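Q: Take a look at the following structure, please.
The values are calculated or read from the model by the stated rules, or taken from the named source; none is laboratory data. The model shown is predicted, which means the values in this text are computed figures rather than measured ones. Every residue, glycine as well, gets a Cβ built from its backbone with ideal geometry; the counts of neighbours run over all protein chains shown. For accessibility, only protein heavy atoms count, side chains too; no ligands or nucleic acids. Shrake-Rupley method; radii C 1.70, N 1.55, O 1.52, S 1.80 Å.
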Amino acid sequence: MKKLILPLLFLGAAGISYAQDGTDYVPMQDVNHVVDLTLDSLELANTARPQAGSSRRGDNPVLFLVGNSTMRTGTKGNGDNGQWGWGFFAHNYFDEDHITVENQALGGTSSRTFYNYLWPDVKKGIRPGDYVIIELGHNDNGPFDSGRCRATIRGISATDSLVVTLKEGPRAGQQETVYSYGEYMRRYVRETRALGAHPILMSLTPRHNYDETDPAHIVRVNKTFGLWAKQVAEEMNVPFIDLNEISAVKYEAMSPWKYKYHFYLDNIHTSKFGAELNARSAAEGLQACTHPELQPLQQWLINLQLPTTGVKREAGKPVVFITGDSTVKNADRDSTGMWGWGSQAGSVFDANKITWINCAQAGRSTRTYLREGRWEKVYNDLQPGDFVLIQFGHNDIGELHKGKHRGVIPGVADTSCVSRVELADEHYNEVVYSFGWYLSKMIDDCRQKGATPIIVSLTPRNEWPDGQHIERRNDSYGQWYREVAAREHVELLDLHNISADALDAMGKGAAAAYYNHDHTHTSLLGAQLNARSIAEGLRRDNSPLAKFLK
């Protein structure tokens with residue numbers, strides 16, 4: 001065994017640097033130039049994390065998650081800085097009537113610091129039949145004797161070690177033996193098995209990092225931590241899930257812009273988009289693994305099938321997906337009630353040539369349509385040759401941080417802010433983007449799947465500022481539509497002005513019959529007018545969708 005005595009600065013497992021007296025702490029950058037946002041002391045960090053085993057229901061097993069900030073970002077792990085770890089969403093893929101998921105990860109930890117400072121308490125909650133996922137390595141770099149002092153020896157050697165002396169902090173003068181990354185993995189495996197539980201090793205989550213030698217692909221860890229975790233798994237006959245590879249393949253199918261927004265603030269920590277992607281990748285990897293030790297766990301996996309709209313396709317026919325709010329889809333039943341123009345799609349589209357489905361939902365903005373998973377269903381159903389009509393705006397005007405929490409940032413800039421959503425039965429943090437950002441996301445998603453996106457400007461409201469002309473929103477939403485259309489080189493169907501021109505021609509008195517209940521929602525007559533405006537706009541634009549009109 002090779003040994004080396006080195007001085008070492010002590011840092012808590014939360015990645016905190018302590019002052020000489022052990023009381024103050026400041027955030028420190030690691031070698032990847034990332035500032036760790038877990039600023040609490042180890043004591044506070046432990047109170048924020050669940051007590052090991054506390055999620056257990058009766059005698060059911062627990063799936064423990066052991067990791068760093070890519071699994072639990074920040075001490076609370078609740079996305080209050082716009083970053084999320086995938087452990088927050090892992091429970092969505094397990095039947096909690098049979099097994100609970102417990103996220104024991106903590107930002108800033110390496111395989112070494114987690115093992116030394118957090119693992120002993122985690123073990124207290126592990127029982128026979130439990131499962132333990134270990135995904136560590138992002139923080140195993142840097143110096144041994146300065147900075148955060150969390151580095152491990154590269155590789156999987158079982159014999160190499162370093163003996164270091166802690167120079168500063170509350171443990172000044174004490175010695176610590178540092179082992180290889182692989183040896184720490186072996187210790188997790190051995191000690192998990194000694195408790196009668198099942199260890200699972202995973203490779204690291206991908207970073208936002210293209211391969212300089214092959215720009216079409218992103219950097220893998222299959223020559224370092226991913227390889228080492230796999231080697232230890234094979235050596236000790238435990239399941240190995242290559243999370244890095246599963247997620248990286250998904251990222252490579254995206255545009256560079258989409259790949260980037262799966263991270264937030266830096267190139268390591270994921271946004272909600274990235275965290276949800278990694279959580280699904282982890283579940284898919286568990287399901288696909290052939291190791292017999294995972295068979296019981298695989299029976300409790302759920303929600304692996306992607307949610308869809310349920311559209312019924314016919315051979316040889318593309319589908320036009322209609323998205324939007326109550327002006328597109330309303331009650332659509334009573335002849336004297338409120339109607340959305342999507343209900344009249346059959347009056348303009350030729351059913352012999354194309355299939356349509358109205359996926360709009362009353363009361364939704366671009367933000368809530370995305371948040372509720374409605375856009376995800378459309379995205380999952382898209383196939384090459386399909387069309388998507390995207391019409392939002394009426395509900396995007398609302399407040400960002402209160403009320404229905406459906407408002408977006410005005411404009412089209414690629415910008416965002418973190419908002420605390422406080423609804424009757426829901427309390428969570430959410431990153432809110434600009435109106436143009438949401439439109440650009442939908443456009444980009446359509447193109448990724450080979451579908452054609454078409455932006456549709458919002459329907460006009462029955463308001464007549466001068467008594468002679470209906471209100472126009474060409475200096476706000478109209479302008480933003482035009483800016484997005486120009487930036488993304490996408491068709492803009494100007495429903496707003498086409499219908500407004502028609503209403504202006506008939507006058508304020510006659511136009512009243514085209515609305516119902518208020519100044520926004522249309523009657524059946526108004527819905528029919530807007531549907532005709534859709535057809536007129538498609539023909540004016542010489543749209544590729546126009547050939548599917550009656």
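Q: If you check Ser335, Ser326, which single one turns out to be assigned to a loop (DSSP other than H, G, I, E, B) and open to solvent by less than 40 Å² (accessible area, probe 1.4 Å)? Spell out how you get there, then give the answer.
A: Values: Ser335 fails: open to solvent by less than 40 Å² (accessible area, probe 1.4 Å).
Going through Ser335, Ser326 in turn, just one is assigned to a loop (DSSP other than H, G, I, E, B) and open to solvent by less than 40 Å² (accessible area, probe 1.4 Å): Ser326.
Q: Looking at Gly137, Gly142, which one is assigned to a loop (DSSP other than H, G, I, E, B) and modelled with pLDDT of 95 or more?
A: Values: Gly142 fails: modelled with pLDDT of 95 or more.
None of the other options fit; the residue is Gly137.
Q: Within segment 258-272, restricting attention to residues that are open to solvent by 50 Å² or more (accessible area, probe 1.4 Å) and assigned to a helix (DSSP H, G or I), which residue is farthest from Leu65 (Cα to Cα)? Let's see the steps before the verdict.
A: Filtering segment 258-272 down to residues open to solvent by 50 Å² or more (accessible area, probe 1.4 Å) leaves 260, 265, 267, 272.
Checking which are assigned to a helix (DSSP H, G or I) leaves us with 260, 272.
On the way: Lys260: 26, Lys272: 18 Å.
Checked segment 258-272; the qualifying residue farthest from Leu65 (Cα to Cα) is Lys260.
Q: Tell me, yes or no, whether segment 217-234 has at least one residue that is in contact with a helix residue (DSSP H, G or I) (Cβ under 9 Å, 6 or more places away or on another chain), assigned to a helix (DSSP H, G or I) and farther than 30 Å from Pro120 by Cα. Break it down into steps so the answer makes sense when it comes.
A: Keep residues of segment 217-234 that are in contact with a helix residue (DSSP H, G or I) (Cβ under 9 Å, 6 or more places away or on another chain), which gives 217-222, 224-226, 228-229, 231-233.
Okay, now just the ones that are also assigned to a helix (DSSP H, G or I), so 225-226, 228-229, 231-233.
Next cut, farther than 30 Å from Pro120 by Cα only: none.
No: segment 217-234 contains no residue that is in contact with a helix residue (DSSP H, G or I) (Cβ under 9 Å, 6 or more places away or on another chain), assigned to a helix (DSSP H, G or I) and farther than 30 Å from Pro120 by Cα.
Q: While we're here: Are any residues in segment 50-96 over 17 Å from Ala283 (Cα atoms), in contact (Cβ under 8 Å) with a residue 40 or more places away in the chain and charged (D, E, K, R), and if so, which ones?
A: Scanning segment 50-96 gives Arg56, Arg57, Asp80.
Q: Another one. Just give me the residues in segment 395-439 being surrounded by fewer than 21 Cβ atoms within 10 Å (Cβ to Cβ), in a loop (DSSP other than H, G, I, E, B) and among the polar types (S, T, N, Q), in sequence order.
A: Within segment 395-439, just Thr415 meets the criteria.
Q: Restricting to helices (runs of 4 or more DSSP H) lying wholly in segment 450-550: which have 3 or more residues that are surrounded by fewer than 22 Cβ atoms within 10 Å (Cβ to Cβ), under 32 Å from the mean Cα position of the chain (by Cα) and of a type in the set (Gly, Ala, Ser)? Even if it seems obvious, please write down each step before you answer.
A: On the way: elements: 477-488, 495-506, 508-511, 524-540.
In segment 450-550, the matching helices (runs of 4 or more DSSP H) lie at 477-488.
Q: Let me ask you something else. Looking only at segment 171-203, which residues are assigned to a strand (DSSP E or B), within 21 Å of Met71 (Cα to Cα) and open to solvent by 10 Å² or more (accessible area, probe 1.4 Å)?
A: Narrowing segment 171-203 to residues assigned to a strand (DSSP E or B): 175-180, 198-202.
Add one more test, that the residue is within 21 Å of Met71 (Cα to Cα), and what stays is 198-202.
Within segment 171-203, His198 is the sole residue that qualifies.
Q: To continue, here is another question. From Gln391, Gln383, Gln361, which residue is open to solvent by 50 Å² or more (accessible area, probe 1.4 Å), of a type in the set (S, T, N, Q), closer than 17 Å to Pro453 by Cβ and touching a strand residue (DSSP E or B) at 6+ places or on another chain (Cβ under 9 Å)? Break it down into steps so the answer makes sense when it comes.
A: Numbers: Gln391 fails: open to solvent by 50 Å² or more (accessible area, probe 1.4 Å); Gln361 fails: closer than 17 Å to Pro453 by Cβ.
After ruling out the rest, the residue left standing is Gln383.
Q: Would you pick out the residues in segment 212-228 that are over 23 Å from the mean Cα position of the chain (by Cα), open to solvent by less than 70 Å² (accessible area, probe 1.4 Å) and at pLDDT below 95?
A: Across segment 212-228, the qualifying residue is only Asp214.
Q: Continuing with this model, one more query. Please enumerate the residues belonging to segment 77-132 that are among the charged types (D, E, K, R) and assigned to a helix (DSSP H, G or I).
A: Going through segment 77-132, the residues among the charged types (D, E, K, R) turn out to be 80, 95-97, 102, 112, 121, 123-124, 127, 130.
Within segment 77-132, Arg112, Asp121, Lys123 qualify.
Q: Kindly indicate the residue of segment 281-293 that is touching a residue at least 40 places away in the same chain (Cβ under 8 Å) and surrounded by fewer than 18 Cβ atoms within 10 Å (Cβ to Cβ) and also farthest from Pro239 (Cα to Cα) among those meeting that condition.
A: Glu293
Here's the yes/no breakdown for (1) at pLDDT 95 or above; (2) over 23 Å from Asn429 (Cβ atoms); (3) open to solvent by less than 20 Å² (accessible area, probe 1.4 Å):
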| residue | (1), (2), (3) |
| --- | --- |
| Lys230 | yes, yes, no |
| Ala233 | yes, yes, yes |
| Pro256 | yes, yes, no |
| Gly274 | yes, no, yes |
| Ala279 | yes, no, yes |
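Q: Hey, can you tell me all the residues within segment 386-430 that are of a type in the set (A, V, I, L, M), touching a residue at least 40 places away in the same chain (Cβ under 8 Å) and more than 30 Å from Glu314 (Cα to Cα)?
A: Val408, Val412, Val418
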